[in-house]
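The values are calculated or read from the model by the stated rules, or taken from the named source; none is laboratory data. This is a predicted model, so every value here is computed, not measured. As a convention, Cβ positions derive from the backbone with ideal geometry for all residues, glycine included, and neighbour counts pool all protein chains shown.
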Amino acid sequence: MTSNTLVSVKDLSVAFTQAGKTNLALDRVSFDIKKGETVALVGESGSGKSISALSILKLLPYPAASHPTGEIFYRGEDLLKADEKTLRKVRGNEISMIFQEPMTSLNPLHTVERQVSEILKIHRGMSDSKARERVLELLNQVGIHDPESRLNSYPHQLSGGQRQRVMIAMTLANEPDLLIADEPTTALDVTVQAQILKLLKDLQHERHMAMLFITHDLGIVRKFADRVCVMTKGQIVEHGPVKDIFENPQHPYTKHLLAAEPKGKPPVSDTTKQVVVEAEDLKVWFPIKRGFLRKTVGYVKAVDGIDVAVREGQTLGIVGESGSGKTTLGLAILRMISSTGKITFNGRDIQENSWKEMRPLRRDMQIVFQDPFGALSPRMSVSDIVGEGLKVHFPDLSAAERDRKVARALEEVGLDASTRWRYPHEFSGGQRQRISVARAMVLEPKFVMLDEPTSALDMSVQAQVVDLLRDLQKAHGLAYLFISHDLKVVRALANDVIVMRQGKVVEAGRAEEIFDNPKTDYTKALMAAAFRLETAPEGVVSE
């Protein structure tokens, strides 16, 4: 351990004991973090990245978790052997951590000021007035506009990017020597992601702070880290400077990760194909009501006069930041929320259809949601989940016929049909998303809305799901409405693209034109953030 080394992890193993059984989750992992450098831990879900990071601060669920081997030295002291008093001094003061999902990390009952100032009062013993001054200074440093107006805000009143900025302010409150960032940008739009990464890098240079950065996005690692450790199945299989790992990977798993980006091209755009779903001048306005009598004083124009056409065997990509109206547009087209304008499905006007009249059409209009774990009932087996729609739309099918259709649908999405008696928690994230796709496909629909279906998945699993969707489209002539903020995935799937901002279309056209030759500043900002991880042009994209 050199004098420049801040943290040294040596032969660290982690075991979890449950119901008398012990499983090894981490197997003799070793890495160092030097002062002022960024070390990235990369790998797929379940590889042991977060367990390694949580071990540094002893935040694992002890005593179920144990360390059969290993030492973690911070400034020469083994944290695994440190008492609680020493750990309290280190946690949040000398070593801080940003978690993946700020909405679940922030207390929904406490204001921004209370949550940030609490750290200052506990670790620095600051008075209320001094803490408030420091909170305002921190919020300003992390790029919260007009920080005074945000002091009394609650987490649900902030955007995703603003919540992550508040989390960063909390972690930097006591000027730590090491910042652990666990997937801090996974749930964010590409433009906000680029802003957060630049913010972290600027703060690191300013404070000469070390950083342990956990991610499955290799594009970020290439731009952001100094050294990288590649993890799989609880072990580090390759490590070294970022340039060496990316340009000359040695281990097969590293090569697999680097080759895992969604590839291939969508079918050629064909305007002669039959239009399956069409919308004209579609509007979804939500009234703003105020006062004792709840009078309407204005409207939130979530979707404001948009035209859409989705053709057989084609994919229309809808891109834009959170809050741009992408999902609202999709739900309106499916007649799941009220809207004005004309909506036709297979040439039939469905805008005025009642709920009862829409029910028979639901078989042909399906949806795959963003979070497969939240979309699948934990109380139902996979067989019941996939077969539920068959019971509704094909009530005359016998149990045996229904089971055959379920088995066939699971096999078509690449799952073993014998697993249909299991429950969702017994599957990985990628497998759960395949179950969601099977649930939609078992009804043999003509139109499928895909709402961020790959955003919660690892890069390699994303690529698999993209290939699956492309194969299913080719086999069944499906029309897709693909909603995403991941432009790399959209590029691999979509023939045509609509770019949305604040409920309006800012640019639309053939996918290759939008990606290769964007016309508007906003689209250029999205492309720059997605493909080069640069910050958006000033004033174009704002929090």
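What the table below lists for this structure:
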read-out	value
Helices (runs of 4 or more DSSP H) (entirely within the stretch 166-277) containing at least 3 residues that are surrounded by 15 or more Cβ atoms within 10 Å (Cβ to Cβ) and polar (S, T, N, Q)	190-207
Residue match in the stretch 320-337 (condition: surrounded by 15 or more Cβ atoms within 10 Å (Cβ to Cβ), part of a loop (DSSP other than H, G, I, E, B), in contact with a helix residue (DSSP H, G or I) (Cβ under 7 Å, 6 or more places away or on another chain) and modelled with pLDDT of 90 or more)	yes
Residue check for V116: crowded, with 17+ Cβ neighbours inside 10 Å, in contact with a helix residue (DSSP H, G or I) (Cβ under 6 Å, 6 or more places away or on another chain) and in contact (Cβ under 8 Å) with a residue 40 or more places away in the chain	yes
Search result, residues across the stretch 471-485 that are at pLDDT 90 or above, touching a Lys or Arg at 6+ places or on another chain (Cβ under 9 Å) and surrounded by 20 or more Cβ atoms within 10 Å (Cβ to Cβ)	L478, A479, I483
L450 assigned to a loop (DSSP other than H, G, I, E, B) and within 29 Å of I385 (Cα to Cα)	no
Which listed residue, of T344, T296, is at pLDDT 95 or above, β-branched (V, I, T) and surrounded by fewer than 17 Cβ atoms within 10 Å (Cβ to Cβ)	T344
Hits in the stretch 400-420 (condition: assigned to a helix (DSSP H, G or I) and more than 20 Å from R379 (Cα to Cα))	A400, E401, R404, K405, R408, A409, E411, E412
Some residue of the stretch 421-438 being out of contact with any strand residue (DSSP E or B) (no Cβ under 8 Å at 6 or more places or on another chain), assigned to a loop (DSSP other than H, G, I, E, B) and closer than 20 Å to K265 by Cα	no
Wholly enclosed strands (runs of 3 or more DSSP E) of the stretch 1-100 bearing at least 1 residues touching a strand residue (DSSP E or B) at 6+ places or on another chain (Cβ under 7 Å), without any contact (Cβ under 8 Å) to a residue 60 or more places away in the chain and of a type in the set (G, A, S)	5-18
Single match in K34, K85, K81 (criterion: touching a Ser or Thr at 6+ places or on another chain (Cβ under 9 Å), basic (K, R) and more than 21 Å from R165 (Cβ to Cβ))	K34
